[in-house]
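Engineer: Once you've had a glance at the structure underneath, I'll fire off some questions.
Any read-out appearing in this document is the output of simple, stated calculations on the displayed coordinates, not a laboratory observation. Just so you know, these numbers come straight off a predicted model, no measurement behind them. Reconstructed Cβ throughout: ideal geometry from the backbone, glycine too, with neighbour counts over all protein chains shown.
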Amino acid sequence: MKKKCFALLACALLLTGCAAQAQTQEGFAMATIVSQTVYAPSGDILARNYDTVRVLENSLSKTLPGSDIYRLNHEGGTVVFSSADTARVLESCLFYAEQTGGAYDPALGRVAEAWGIGGDNPRVPSEEELQKLLAASGYEKLRIDGDTANAGGAWADLGGAAKGYALDAIKANLAEEGVTDALIAVGGSVYARGKKAGAAWKVGIRDPFSGAADYLATVELTDLCISTSGSYERGFTQDGTYYHHILDPKTGYPVQNGLVSVSVINENGLLTDIYSTALFVMGLEAGMKHAEEHGIDALFVTEEKKIYRTDGFDYAFTLVGEGYRIEG
Ligand code: ADP
Ligand code: MG
């Protein structure tokens, strides 16, 4: 009996010898967790993907001295980028800034810096300070020409775009390596490629009112990205008021419009990252209208635990959070 089992096992090993196995890795980059599950014959692709995220971070970070974006913000004048990705991302950011009427603004770095959210010493800037910083900010000041750019005195901040772009770069890696099935998360941005054991990937959307491990809902995705922007993600409380990291480009203050999170699903990772932020800024009514007009699949969650979805948002949506009401 023992011999027979061994023979069967050996056979199975032979059959699956070079087949794709689930390879997993968890790392930290872009100030968040990077987690990967990849079906591949070896784990080499994990290291390649992780490296891709870190290389991008080294160009796109606004806090790492020497990065393209750091130099753009601090050297003044026209800067020659060392990575071709930087101009590519910035160009896309400007496109979406215009398309969203400035709700997504990649040049709010000075304002974000004043709040210091996510850093060790967050604070509430004065109204006067915010007005001054806002006047020196805004995507209209950015000029890009080939691999050179000038921020016009504003500071670029790609915190709402880099993670989505990283997913697109990983998608290219996976395609190149012939990997058909994978699930990659860079913070609140997730890419589901192919399937898991023959079925679509089931991806959880975080419950804004619960811990990081609790889901509001699950969706089933194949070859799609999903990004969620939530006020719960980064913030601080002072004198009983909660201040979070998604800023209203018109006022310089954290957005307060009754929303707690927005999720966007699309093939394009960068689009999902940018649009989850942009629709959050627009608010439920204007955001819903904009999303429908631009064919963007989005889900809005309000402070009152009401859930609203665009017409195209299906993806086998299954509510698991408690106390929520689906309104549309
Ligand atoms: P997260 O970084 O948690 O994934 P988002 O994708 O929503 O969240 O991006 C928020 C980040 O983008 C902020 O931390 C800040 O760096 C930047 N940001 C804040 N407000 C805006 C805005 N209106 N437009 C573009 N970027 C913004
Ligand atoms: Mg975003």
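Engineer: Can you list the equivalent-ellipsoid semi-axes of the stretch 68-203, largest first and in whole Å, using the square root of 5 times each Cα gyration tensor eigenvalue?
Structural biologist: Working: eigenvalues 214, 74, 32 Å².
Working from the Cα gyration tensor, I get semi-axes of 33, 19, 13 Å.
Engineer: When a footprinting reagent is the concern and you count Cβ atoms within 10 Å, what order do E327, E128 take, fewest first? All intermediate terms of the calculation are to be shown ahead of the outcome.
Structural biologist: Values: E327 12, E128 8.
Going from least to most buried by this count: E128, E327.
Engineer: Here's something else I'd like to know. What dipole magnitude, in Debye to the nearest 20, does the chain give about its Cα centre under +1 on Lys/Arg Cβ and -1 on Asp/Glu Cβ? The partial results should precede the final answer.
Structural biologist: Details: 27 positive and 42 negative charges, 251 e Å.
Its charge dipole is roughly 1200 debye.
Engineer: Sorting M282, M30 on the 10 Å Cβ count, fewest up front, what's the list? Kindly include the intermediate steps, with their values, before the conclusion.
Structural biologist: Details: M282 25, M30 20.
Result, fewest neighbours first: M30, M282.
Engineer: Now for a separate question. Counting helices only, and only those DSSP H runs with n ≥ 4, report the 222 nm mean residue ellipticity of the chain as the sum of -39,500 (n - 2.57) divided by its residues, in deg cm²/dmol to the nearest 500. Present the calculation step by step, with values, prior to reporting the outcome.
Structural biologist: Details: 9 runs with 110 residues, N = 328.
That comes out to -10500 deg cm²/dmol.
Engineer: Rounded if a/c is under 1.5, else prolate if a/b beats b/c, else oblate: with a ≥ b ≥ c from the C-alpha gyration tensor eigenvalues square-rooted, which is the stretch 43-125?
Structural biologist: Details: a/c = 1.56, a/b = 1.30, b/c = 1.20.
Here the stretch 43-125 falls in the prolate category.
Engineer: Please work out the Cα convex hull volume for the chain and give it in Å³ per residue. Before the final figure, lay out the partial values.
Structural biologist: Values: hull volume 51.2 nm³, N = 328.
For the chain, the hull spanned by Cα atoms encloses 156 Å³ per residue.
Engineer: Work through the residues other than N173 whose Cβ is under 12 Å from its Cβ and net out their charges, Lys, Arg +1 and Asp, Glu -1.
Structural biologist: On the way: positive: R48, K171, R193; negative: D44, D51, D168, E176, E177.
Around N173, the charge tally is -2.
Engineer: Among T222, T63, T277, whose mean-square fluctuation peaks in a Gaussian network model of the chain (Cα, cutoff 10 Å)?
Structural biologist: Result for the chain, Cα springs under 10 Å: T63 fluctuates most.
Engineer: Not counting the cut sites, what is the longest span of the chain without trypsin sites (Lys or Arg not before Pro) that DSSP labels loop and that have at most 14 other Cβ atoms within 10 Å?
Structural biologist: 124-249
Engineer: If the chain between A175 and A136 were fully stretched, how many nm would it gain, using 0.36 nm times the residue separation less the Cα-Cα distance? Each step should come with its number before you reach the end.
Structural biologist: Values: separation 39, 0.36 × 39 = 14.04 nm, distance 4.16 nm.
Result: 9.9 nm gained on full extension.
Engineer: Which one of A278, A213, A169 has the biggest mean-square fluctuation once the chain is modelled by GNM with Cα springs under 10 Å?
Structural biologist: A213
Engineer: How large are Rg and Dmax for the stretch 100-142 when calculated on the C-alpha trace, in angstrom?
Structural biologist: 11.0, 32
Engineer: Over every pair of different alpha-carbon atoms in the stretch 144-217, take the mean of 1/r and invert it; report that Kirkwood radius in Å.
Structural biologist: Values: mean 1/r = 0.0659 Å⁻¹.
That comes to 15.2 Å for the stretch 144-217.
Engineer: Still on this model: When E113, E267 are ordered from fewest to most other Cβ atoms inside 10 Å of their Cβ, what list results?
Structural biologist: Numbers: E113 17, E267 12.
In increasing order of surrounding Cβ atoms, one gets E267, E113.
Engineer: Place +1 on the Cβ of every Lys and Arg and -1 on the Cβ of every Asp and Glu in the stretch 222-285, take the dipole about the Cα centre, and give the residue among V260, I274, L224 whose Cα lies farthest towards its positive end.
Structural biologist: The residue sitting most towards the positive pole is V260.
Engineer: Greater than 28 Å separation of Cα atoms is the criterion. Which listed pairs, K132/K306; K141/K305; K250/K289; K250/K306; K196/K306, meet it? Walk me through the numbers before you get to the answer.
Structural biologist: Working: K132/K306 37 Å; K141/K305 38 Å; K250/K289 20 Å; K250/K306 26 Å; K196/K306 31 Å.
Result: K132/K306; K141/K305; K196/K306 exceed 28 Å.
Engineer: For the stretch 164-283, just the Cα atoms, rotate onto the principal axes and tell me the three extents in Å, largest first.
Structural biologist: Per principal axis, max minus min of the Cα coordinates gives 52, 28, 20 Å.
Engineer: Turning to a different aspect of this structure: Relative contact order of the chain: what whole-number percent is it, with Cα pairs under 8 angstrom and at least 6 residues apart?
Structural biologist: Numbers: 652 pairs, mean separation 47.9, N = 328.
Reported relative contact order: 15 percent.
Engineer: Can I ask one more? Remind me, relative contact order of the stretch 147-272 in percent, using alpha carbon pairs under 8 angstrom and six or more residues apart? Don't skip to the end; give the middle numbers.
Structural biologist: Details: 196 pairs, mean separation 30.2, N = 126.
Dividing the mean separation by the residue count of the stretch 147-272 yields 24 percent.
Engineer: If I model a spin label as a point 7 Å beyond the Cα along the Cα-Cβ vector, how far apart are those points for R325 and E26 in nm?
Structural biologist: Modelled inter-label distance: 3.7 nm.
Engineer: With the contact rule set at Cα under 8 Å and sequence spacing of 6 or more, what percent relative contact order holds for the stretch 208-312?
Structural biologist: About 24 percent, as a whole number.
Engineer: Taking amide H atoms as placed 1.01 Å from N in the peptide plane, list the residues 5 or more away in sequence, or in a different chain, whose amide H sits under 5 Å from that of Y253.
Structural biologist: Amide H neighbours of Y253, under 5 Å, 5+ apart: D248.
Engineer: A further question follows. What is the dipole size for the stretch 242-328, taken about its Cα centre, with +1 at each Lys and Arg Cβ and -1 at each Asp and Glu Cβ, in debye to the nearest 20?
Structural biologist: On the way: 6 positive and 13 negative charges, 49 e Å.
It comes to approximately 240 debye.
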